[in-house]
Amino acid sequence: MSAPRLQAYPKASTPKRTSRWLIVLLVVATLVAIAWYPVYLHLRAVAVLLRIESSEAHGFFANRGIHPIKTEESTFAADNRGLRTRLYVPTDLKSVPAMVIVHGVHHLGYNEPRLVRFAKAISGAGMVVSTPELPEIAGYEIKPVSIEEIAAAADDLAARMHSPCVGVLGLSFAGGLALSAASDPATSRHICYVVAIGAHDDMSRVMKFFATDRAEYPDGHSQSMPSHEYGALVAIYAHPEEYFPAADVPLAREAIRQQLFEEIVNAKATAAKMSPEGQATMQMLLAQNHSVVNKILLANLDKHRDEAEQVSPGPELYRLHVPVLLLHGAGDNVIPPSETLWLAKDIPAQNLRAVLISPAISHVEVGKGATLMDKFRLVHFIVVLLGEAKDAPYNTVELQRVGGG
């Protein structure tokens, strides 16, 4: 009888060997995820930046991480009056953070094209955005009531989201007012963090810049920088009686308002009704030459210091208890970039998340001619901003019902 035939079978994998391969796969997957996630975040930030720059941006980079959104008109109560706001809501998400974005000093208010692009881009990145319209700021007046209205907008959005607090992003002078709102315990209760873009620290120092064309820095040096004629017009608009004969004051204020509202022909027609003395001053202002009023502007700084202090966040920033991100255009000639350095000096260090003075933006819009590194730094700032929003406390709500409260 022949010996039994031996058949070879493959060895069964031992649990130990299987677990080793599983560990290797998990490590590789983890490394890929770790490497990819920062890339994804930066691609999404690039998409946000492209969409801020142009509402027509499309393609691979402009669409990375961007969600479809809807807009809705609503109102909220502030200072015993109803104010309008526009809500931007992602339509394919259920749980998202929220942010109030406050327009700068512009007569179009929450309809200003740059603000609309900004709000759409931020909301598209996965956030509910509220853009309240603040009457005084839209009317070229920087007043304390706007601080309370920014806080009321944050209260309103937090209530809509059923959330303990929301972020607030302020553009231009609204950035400084947002910091004031976040610094006061009476108005900061629903503010998680603040992003200030092109903001001011001290209104008197900004007015001095308008009068002297020199920006003052925290280290004691000053820099020559021709200020935008818009700044002097806003300052004069607040107190036309100090620059024009008494009989010309109503016409002067109306002509300046028309100039600020970009009604150039009407402004010239109104100026033509003034006295010869008033016309001479107004014609220089309408020609974007404010040198004729610079001495008066400078002389009035002390006279209106108390008024300026009421809308200057600097002295109160020591009370801040929320994270802050600061962004400023290097060539900003409305509010000089030195103001952001003053803000960085006055904000408690533990609350300062990011500070960037960038050639890649002008006053509150994306600039031209920046280097690749400048653009990367701006993209990274947006990554930090979106990360701060993600880390802020928020609750899951039915986003279809956000507009209804």
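Being in contact with a strand residue (DSSP E or B) (Cβ under 7 Å, 6 or more places away or on another chain) and among the aliphatic types (A, V, I, L, M) is the requirement here; does A119 meet it?
It is true that A119 is in contact with a strand residue (DSSP E or B) (Cβ under 7 Å, 6 or more places away or on another chain) and among the aliphatic types (A, V, I, L, M).
May I ask you to list the residues in the stretch 305-360 that are of a type in the set (S, T, Y) and farther than 25 Å from H228 by Cα?
Across the stretch 305-360, the qualifying residue is only Y318.
Quickly run through the stretch 222-237 and pick out the residues that are surrounded by 20 or more Cβ atoms within 10 Å (Cβ to Cβ) and either touching an Asp or Glu at 6+ places or on another chain (Cβ under 7 Å) or small (G, A, S) (or both).
Answer for the stretch 222-237, where residues must be surrounded by 20 or more Cβ atoms within 10 Å (Cβ to Cβ) and either touching an Asp or Glu at 6+ places or on another chain (Cβ under 7 Å) or small (G, A, S) (or both): S227, G231, A232, A235.
How many residues does the stretch 77-95 hold that are touching a helix residue (DSSP H, G or I) at 6+ places or on another chain (Cβ under 9 Å) and either crowded, with 23+ Cβ neighbours inside 10 Å or part of a strand (DSSP E or B) (or both)?
Here the count works out to 11.
With (1) open to solvent by less than 20 Å² (accessible area, probe 1.4 Å); (2) at pLDDT below 75 as the list, and V27 as the residue in question, which single condition is left unmet?
Single failed check for V27: (1).
Looking at the stretch 127-134, is at least one residue over 16 Å from T187 (Cβ atoms), hydrophobic (A, V, I, L, M, F, W, C) and surrounded by fewer than 20 Cβ atoms within 10 Å (Cβ to Cβ)?
Taking every residue of the stretch 127-134 in turn, none turns out to be over 16 Å from T187 (Cβ atoms), hydrophobic (A, V, I, L, M, F, W, C) and surrounded by fewer than 20 Cβ atoms within 10 Å (Cβ to Cβ).
For the stretch 281-352, list the helices (runs of 4 or more DSSP H) that sit wholly inside it and hold at least 1 residues that are acidic (D, E); which are they?
Per the criteria, 305-309, 338-346.
Could you please give the count of residues in the stretch 293-306 that are in contact (Cβ under 8 Å) with a residue 12 or more places away in the chain and either under 28 Å from the mean Cα position of the chain (by Cα) or open to solvent by less than 70 Å² (accessible area, probe 1.4 Å) (or both)?
8
For the stretch 111-125, name all the residues that are open to solvent by 10 Å² or more (accessible area, probe 1.4 Å) and of a type outside the set (D, E).
N111, P113, R114, V116, R117, F118, K120
With assigned to a helix (DSSP H, G or I) and more than 28 Å from D156 (Cα to Cα) as the only criterion, which of A215, A232 stands out?
A232
Can you find even one residue in the stretch 337-354 that is open to solvent by 30 Å² or more (accessible area, probe 1.4 Å) and at pLDDT below 85?
Among the residues of the stretch 337-354, not one is open to solvent by 30 Å² or more (accessible area, probe 1.4 Å) and at pLDDT below 85, which makes the answer no.
Each row is one residue, and each column tells you yes or no for (1) within 19 Å of V89 (Cα to Cα); (2) open to solvent by 10 Å² or more (accessible area, probe 1.4 Å); (3) β-branched (V, I, T).
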{"residue": "I147", "(1), (2), (3)": "no, yes, yes"}
{"residue": "D155", "(1), (2), (3)": "yes, yes, no"}
{"residue": "S163", "(1), (2), (3)": "yes, yes, no"}
{"residue": "L169", "(1), (2), (3)": "yes, no, no"}
{"residue": "A174", "(1), (2), (3)": "no, no, no"}
{"residue": "A181", "(1), (2), (3)": "no, no, no"}
{"residue": "A186", "(1), (2), (3)": "no, yes, no"}
{"residue": "H190", "(1), (2), (3)": "no, yes, no"}
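Counting just the residues of the stretch 239-256 that are aliphatic (A, V, I, L, M) and surrounded by fewer than 17 Cβ atoms within 10 Å (Cβ to Cβ), which one comes out nearest to L297 (Cα to Cα)?
If we take residues in the stretch 239-256 being aliphatic (A, V, I, L, M) and surrounded by fewer than 17 Cβ atoms within 10 Å (Cβ to Cβ), then A246 is nearest to L297 (Cα to Cα).
Just for the stretch 259-283: of the residues that are hydrophobic (A, V, I, L, M, F, W, C) and surrounded by 15 or more Cβ atoms within 10 Å (Cβ to Cβ), which one is nearest to A235 (Cα to Cα)?
Only one residue fits best here, namely L260.
Restricting to the stretch 216-249, give me the number of residues that are modelled with pLDDT of 95 or more and touching a Phe, Trp or Tyr at 6+ places or on another chain (Cβ under 6 Å).
Count: 1.
Checking L356 against (1) touching an Asp or Glu at 6+ places or on another chain (Cβ under 9 Å); (2) over 19 Å from E216 (Cβ atoms); (3) part of a strand (DSSP E or B): exactly one of these is not met. Which one?
Answer for L356: the failing condition is (1).
Taking the criterion of being surrounded by fewer than 24 Cβ atoms within 10 Å (Cβ to Cβ), more than 23 Å from the chain's Cα centre (by Cα) and not in a strand (DSSP E or B), would at least one residue in the stretch 193-211 satisfy it?
Yes, the stretch 193-211 contains a residue that is surrounded by fewer than 24 Cβ atoms within 10 Å (Cβ to Cβ), more than 23 Å from the chain's Cα centre (by Cα) and not in a strand (DSSP E or B).
Quick test for you: out of A252, A235, A247, A272, pick the one residue that is under 15 Å from V334 (Cβ atoms) and among the hydrophobic types (A, V, I, L, M, F, W, C).
A235
Scan the stretch 237-275 for residues that are in a helix (DSSP H, G or I) and in contact (Cβ under 8 Å) with a residue 60 or more places away in the chain and jot them down.
Residues satisfying the conditions are Y237, A238, R257, L260.
The values are calculated or read from the model by the stated rules, or taken from the named source; none is laboratory data. What you see is a predicted model, and the numbers here were worked out from it, not measured in a lab. Positions of Cβ are generated from backbone atoms using ideal geometry, with glycine treated the same way; all protein chains shown enter the neighbour counts. These accessible areas exclude ligands, DNA and RNA; they are computed on the full protein's heavy atoms, side chains included. Shrake-Rupley method; radii C 1.70, N 1.55, O 1.52, S 1.80 Å.
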